[in-house]
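**Q** To start, I am sharing the structure in question, which I have written as structure tokens.
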Amino acid sequence: FPVTIAGWVAKDKDGNVIHKESVCLGTDPDMSNNVTEYYAALLALSYLSNGHTGYSVALYSDSQLTVNQLTGCWQCANPRLRDLRSKVLLLANKFQGVGYFWIPREKNTEADDLSKALQKRRKPKCV
């Protein structure tokens, strides 16, 4: 099975990068793109919850499903996604507020580039 990698970028309100990271999630055959998107959100919010909880967060994702499930516009029937959604929403409670926004994949190049760079390594370290 191919290695699954989640990449994310955190920026301040002026667009300056605070932190960026790509993480290998393993080779689970059930690791869908939607599961990966939820993990990216979890990793970003987890990082930001250490020292940035006094702020509001705008979370951008190129997954319409993830954004619409997090905003409550769409139901979440898949048990695995429902569990991840609950974890994201629980972390979101630590902030002044969290908004979830969909962006086209073409505008999410920084996170995608991080994932691709780690994918190209011969033996990426997986968690």
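**Q** Condition check: at pLDDT 95 or above and within 14 Å of residue 6 (Cβ to Cβ). Does residue 67 satisfy that?
**A** In short, no.
**Q** If you take the residues of the stretch 48-86 that are open to solvent by 70 Å² or more (accessible area, probe 1.4 Å) and assigned to a helix (DSSP H, G or I), which of them is nearest to residue 113 (Cα to Cα)?
**A** Selected residue: 64.
**Q** Quick test of your reading of the structure: residue 110 fulfils all but one of (1) open to solvent by less than 40 Å² (accessible area, probe 1.4 Å); (2) touching a Lys or Arg at 6+ places or on another chain (Cβ under 8 Å). Name the failing condition by number.
**A** Residue 110 satisfies every listed condition except (1).
**Q** Given the structure, is residue 38 assigned to a helix (DSSP H, G or I) and crowded, with 16+ Cβ neighbours inside 10 Å?
**A** So residue 38 passes the test.
**Q** Give 89, 118, 45 a once-over and let me know the one that is assigned to a helix (DSSP H, G or I) and more than 20 Å from residue 19 (Cβ to Cβ).
**A** Among 89, 118, 45, only 89 is assigned to a helix (DSSP H, G or I) and more than 20 Å from residue 19 (Cβ to Cβ).
**Q** Now a separate question. Would you say residue 23 is more than 15 Å from residue 108 (Cβ to Cβ), in contact with a Pro (Cβ under 7 Å, 6 or more places away or on another chain), surrounded by 13 or more Cβ atoms within 10 Å (Cβ to Cβ) and modelled with pLDDT under 90?
**A** For residue 23, the condition - more than 15 Å from residue 108 (Cβ to Cβ), in contact with a Pro (Cβ under 7 Å, 6 or more places away or on another chain), surrounded by 13 or more Cβ atoms within 10 Å (Cβ to Cβ) and modelled with pLDDT under 90 - is not met.
The values are calculated or read from the model by the stated rules, or taken from the named source; none is laboratory data. Small disclaimer: the values here were computed from a predicted structure and weren't measured. As a convention, Cβ positions derive from the backbone with ideal geometry for all residues, glycine included, and neighbour counts pool all protein chains shown. Protein only, heavy atoms only, side chains kept; ligands, DNA and RNA dropped before computing areas. Shrake-Rupley method; radii C 1.70, N 1.55, O 1.52, S 1.80 Å.
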